[in-house]
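Reviewing the structure listed below.
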Amino acid sequence: SFARGEAAADVTVPATAARAGVLRGLVVGVDRYRQLGFPDLTASANDATLMARVLERVGKEKPFERAEVTTLTDDRATPKAVLAALDKAADESNPDDWLVLFLAGHGFAQAAAGGEVEAGSWYFAGY
């Protein structure tokens, strides 16, 4: 939402433009957590499922050849599975492909000395 400082961009591509490559999506949503200290959520897995549908639909339109979307929710969204899916997308991508990474769930940051958040230490909490 815009209340959190997010922004949206409109992109217009002429009908005569050459198609870009593949729209690749890695969509992750975690409602249930096995780690201590993370309370379960109620909408992250559903949000991920809905985002996957949006990407699949958008991937059928110009400027893309097609969409290839990987969806990982709850117990399928382990850190190992997410990293493996990212590696697979990187290995299969070409310069004209697009990658959308969607993460829904808890995140956390590492605290530095003095309790301040250490720069670049934000992490997504997988299943």
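The values are calculated or read from the model by the stated rules, or taken from the named source; none is laboratory data. Just so we're clear, the structure is a prediction, and the values are computed from it rather than from any experiment. Neighbour counts run over all protein chains shown; Cβ positions are idealised from the backbone, glycine included. With ligands, DNA and RNA removed, areas are computed over all heavy atoms of the protein, side chains included. Shrake-Rupley method; radii C 1.70, N 1.55, O 1.52, S 1.80 Å.
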Can you name the residue in segment 46-82 that is open to solvent by less than 50 Å² (accessible area, probe 1.4 Å) and at pLDDT below 95 and is also nearest to the chain's Cα centre (by Cα) among such residues?
-> 59
Would you pick out the residues in segment 103-121 that are surrounded by 11 or more Cβ atoms within 10 Å (Cβ to Cβ) and more than 21 Å from residue 45 (Cβ to Cβ)?
-> 109, 110, 111, 112, 117, 118, 121
Considering only residues of segment 83-102 that are open to solvent by 80 Å² or more (accessible area, probe 1.4 Å) and over 20 Å from residue 66 (Cβ atoms), which is farthest from the chain's Cα centre (by Cα)?
-> 87
Qualifying residue in segment 94-105 (condition: among the charged types (D, E, K, R) and in contact (Cβ under 8 Å) with a residue 24 or more places away in the chain) = yes
Can we say residue 12 is open to solvent by 90 Å² or more (accessible area, probe 1.4 Å), at pLDDT 70 or above and outside any strand (DSSP E or B)?
-> yes
Expected output for segment 52-67 (first residue at negative phi, partner assigned to a strand (DSSP E or B) and not aliphatic (A, V, I, L, M), Cβ below 7 Å, 6+ apart or cross-chain) is 52/25; 52/71; 55/25; 67/25
